[in-house]
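First the structure, in the form of structure tokens, and then the observations on it.
The values are calculated or read from the model by the stated rules, or taken from the named source; none is laboratory data. This is a predicted model, so every value here is computed, not measured. Positions of Cβ are backbone-derived with ideal geometry, glycine not excepted, and every protein chain shown enters the neighbour counts.
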């Protein structure tokens, strides 16, 4: 079984330690939700695992199918099967979604191997149908002038096309109204129902998203590490009691 | 007359003394080699040189006169270093060969061509035959047949498509009237130099009402002469005619000298349309100092599409003089300055009649220590009515060392004219690159995609084969720019 292991991971930005001893194993097909108040290191964790150059790993390891990926560049990690859905995706003016994805798919082929353009478009359109995305969407420049909802749908479409083994979804619900949230959640659920579903690490601040994407496991992150784990009922408990409850319990522990 | 000299081409400039940018190998992409020349004017420029060139070409006395007059102007004019870069002072005019004509096949073999050059040709998808020419292995590019076909085809429509020597000899009645009129000899020091020693280039005349269906390409007729350093091109589109001309190719070019100074004149008579497309990629030891201008008569249209990559210094400001009512002028330009390169480019729009319109879109990309400068002139005098100009300059910087300057000079007098100007400077930032890398693209692929996106709206206006080559070329340039 394919798995992503994060072992006692420590991450710093500059001199400042942000993630402090984070440990979690995700198996393919599982959905793990990470919840926690702002500033607790959730986004830092996702970016560090994806290989952002600004984040320094000061300890621990990240293993994909048993092999450490920490010495690999972000693009190598991506090609190995990791995907980061961004909270704030960059826009790439002048580059259409179709061409961007094509370049990303091409990058996964062996050297000298040419992309089959017809097959690529067939697959792209199939994924768009699955996610109920209009055909015109992919001729637009990546994220350029997109609404919050469009940006997130663009992320989901990329995830669907690149078929990662593991996806880190960073605050996918932020900035979305309830309709947009439902559309994005439907997309994620469609990918979960596919033949080879990815393992998903779902980072969120609110319980709301978990009404639509029901997680297998819920973890509470506080001060750079997981302080409590449970099933989906933990999310509801958090919703009812608020994060202060965690803070108190953790401070007491 | 034939003076058979065996000689070595001038060696590349010593990077240590000649290059103000420290640490850049200016000899890269430069490939000189031993070759026999049938005609060789020797090094240095004098009246003797000019007379020699004229006699080799068996020119009419008026052309010799024109050349000698130009030489005087050239010698008397100062370098334009009061506004342009001081790097111009590093051109050693006395070390340059002003005329070379290959009488024999060069003795270089394909095996002697450096591997990295071969690899580049391969990556760019340059056909086998053309590679040999471009690498200087073959003096004559084996597409003479293709060229003759086009020439014969358009000849049926009465179009004259010839090189400058041939055209001045065979059709003086047509070309003399316009030759040197759009760009006077003394327009600038380098147009004077070209006027004194010009050789090669295309002369085209399109008769009234003739619309040339296929683009005329210098690409199909590359030969030693056409690839000259001082080519001269004159295109005349008679009333209501239309023509598209394309020059250059994106392969790194075998260059015989470190100085390239061309003059291109366009004349669009009433209601005519000329589109002139250039895509060039120079070795980075070349000074590329080119004067390009067109005159658009009533309701005529001139469009320059200009793409400059490579060279040590390029100075080029294609212009249109909007001479007749409702004339239109357009310059679309892309410049890419990599490490050790300076692209000093822009556009000139001189409005000289009512209801004339002009459009300038200039995009520059500076990589590493590369430097881009935009210089533009838009002139609309007070007495004119209903003139419009639109100017957009966008600069993209890749890494913090790059430099970009914009010097737009827009003079719009009178209240019956309109102009709008937009300029932007953007950076390919780390977040954008990380975003693309997180999708599996390498840093180099990410950069080239960002650059291709930046120029996409302009590149789309290029003919298909050029935009494809341009994209490949940018991929190569970006690959090399990632540390």
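Annotations for the structure displayed:
- Candidates in the stretch A:58-79 are the residues that are over 30 Å from residue A:15 (Cβ atoms) and part of a loop (DSSP other than H, G, I, E, B); of these, the one that is farthest from the other protein chains (Cβ to nearest Cβ) is A:66.
- Applying the criterion of at least 3 residues that are under 11 Å from the mean Cα position of the chain (by Cα) to the strands (runs of 3 or more DSSP E) found wholly in the stretch B:254-328 leaves B:273-282, B:287-296, B:301-310, B:313-316.
- Number of residues in the stretch B:43-59 that are in contact (Cβ under 8 Å) with a residue 60 or more places away in the chain and surrounded by fewer than 14 Cβ atoms within 10 Å (Cβ to Cβ) equals 1.
- When residues in the stretch A:40-54 are screened for being touching a strand residue (DSSP E or B) at 6+ places or on another chain (Cβ under 7 Å) and within 11 Å of chain B (Cβ to nearest Cβ), 5 of them pass.
- Any hit, the stretch B:452-462, residues being closer than 27 Å to residue B:247 by Cα and away from chain A (no Cβ under 11 Å): yes
- Within the stretch B:176-190, one or more residues are over 21 Å from the mean Cα position of the chain (by Cα) and either modelled with pLDDT under 95 or not assigned by TED's automatic domain parsing to the domain that holds residue B:77 (or both).
- For the stretch B:80-99, the tally of residues that are in a loop (DSSP other than H, G, I, E, B) and surrounded by fewer than 13 Cβ atoms within 10 Å (Cβ to Cβ) stands at 3.
- Output for the stretch A:55-81, where each listed residue is touching a strand residue (DSSP E or B) at 6+ places or on another chain (Cβ under 6 Å) and free of Cβ contacts under 8 Å to residues at least 12 places away in the same chain: A:68
- Meeting the requirement of 1 or more residues that are farther than 24 Å from residue A:2 by Cβ, the strands (runs of 3 or more DSSP E) wholly within the stretch A:142-253 are A:217-222, A:225-230.
- Every residue from the stretch A:84-97 that is within 11 Å of another protein chain (Cβ to nearest Cβ) and either without any contact (Cβ under 8 Å) to a residue 24 or more places away in the chain or under 16 Å from residue A:50 (Cβ atoms) (or both): A:84, A:85, A:86, A:88, A:89, A:90
- All positions within the stretch B:453-483 that are within 22 Å of residue B:399 (Cβ to Cβ) and buried (at least 21 other Cβ atoms within 10 Å of the Cβ): B:453, B:454, B:455, B:470, B:473, B:474, B:477, B:478
- Selection of the stretch A:42-54 for residues being in contact (Cβ under 8 Å) with a residue 24 or more places away in the chain, part of a loop (DSSP other than H, G, I, E, B) and either in contact with a helix residue (DSSP H, G or I) (Cβ under 6 Å, 6 or more places away or on another chain) or crowded, with 23+ Cβ neighbours inside 10 Å (or both) yields only A:51.
- The residue that is surrounded by the fewest Cβ atoms within 10 Å (Cβ to Cβ), counting only those in the stretch A:98-117 that are more than 10 Å from every other protein chain (Cβ to nearest Cβ) and not in a loop (DSSP other than H, G, I, E, B), is A:117.
- Test result for residue B:372, in contact (Cβ under 8 Å) with a residue 40 or more places away in the chain, surrounded by 24 or more Cβ atoms within 10 Å (Cβ to Cβ), under 27 Å from the mean Cα position of the chain (by Cα) and away from chain A (no Cβ under 14 Å): no
- Screening the candidates A:19, A:31 for the property of being more than 16 Å from residue A:83 (Cα to Cα), surrounded by 15 or more Cβ atoms within 10 Å (Cβ to Cβ), under 18 Å from the mean Cα position of the chain (by Cα) and touching a residue at least 24 places away in the same chain (Cβ under 8 Å) yields one hit, A:19.
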